[in-house]
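Below: one structure, written as structure tokens.
Throughout, read-outs are computed from the coordinates displayed, never taken from laboratory work. Remember, it's a predicted structure, so these values are computed and weren't measured experimentally. Counting neighbours? That spans all protein chains shown, and the Cβs are built from the backbone with ideal geometry, glycine included.
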Amino acid sequence: MYLAKIYVIPKPAVNDPQGLTVKGGLLSLGFTAVRDVRMGKYIEVRLEAGDAALARAQVEEMSRRLLTNPIIEDFRFDLVEE
């Protein structure tokens, strides 16, 4: 059994209105060191696979085919054997 921790974030060239809103809120609360905020998604998927390489391949494919929009989002993931 494996646990995939998938992190999805807008690509750098994509406008991120939610991130801009959060940045403005943080600045208004006095967090003046904040320079940029990008808002994304965090997804956990537990899956059974014969080995880590197969699990990685499956997570890569599911991320590309369903969990992200590859035109506007990037993703990365960590895989942990449970």
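Among all residue pairs at least 6 apart or on different chains, which show Cβ distances below 7 Å where the first residue, located in segment 17-42, is under 30 Å from L66 (Cα atoms) and the second is of a type in the set (D, E) and part of a loop (DSSP other than H, G, I, E, B)?
K23/D36; R38/D16; M39/D16
Name the residues in segment 58-82 that are surrounded by 12 or more Cβ atoms within 10 Å (Cβ to Cβ), closer than 27 Å to Q18 by Cβ and hydrophobic (A, V, I, L, M, F, W, C), would you?
V59, M62, L67, I72, F75, F77
Would you confirm whether or not segment 17-35 contains a residue that is loosely packed, with under 10 Cβ neighbours inside 10 Å, among the aromatic types (F, W, Y) and either at negative phi or within 12 Å of the chain's Cα centre (by Cα) (or both)?
Checked segment 17-35: no residue is loosely packed, with under 10 Cβ neighbours inside 10 Å, among the aromatic types (F, W, Y) and either at negative phi or within 12 Å of the chain's Cα centre (by Cα) (or both).
Determine if segment 49-57 includes at least one residue that is surrounded by fewer than 16 Cβ atoms within 10 Å (Cβ to Cβ) and in contact (Cβ under 8 Å) with a residue 60 or more places away in the chain.
So far as segment 49-57 goes, no, none of its residues is surrounded by fewer than 16 Cβ atoms within 10 Å (Cβ to Cβ) and in contact (Cβ under 8 Å) with a residue 60 or more places away in the chain.
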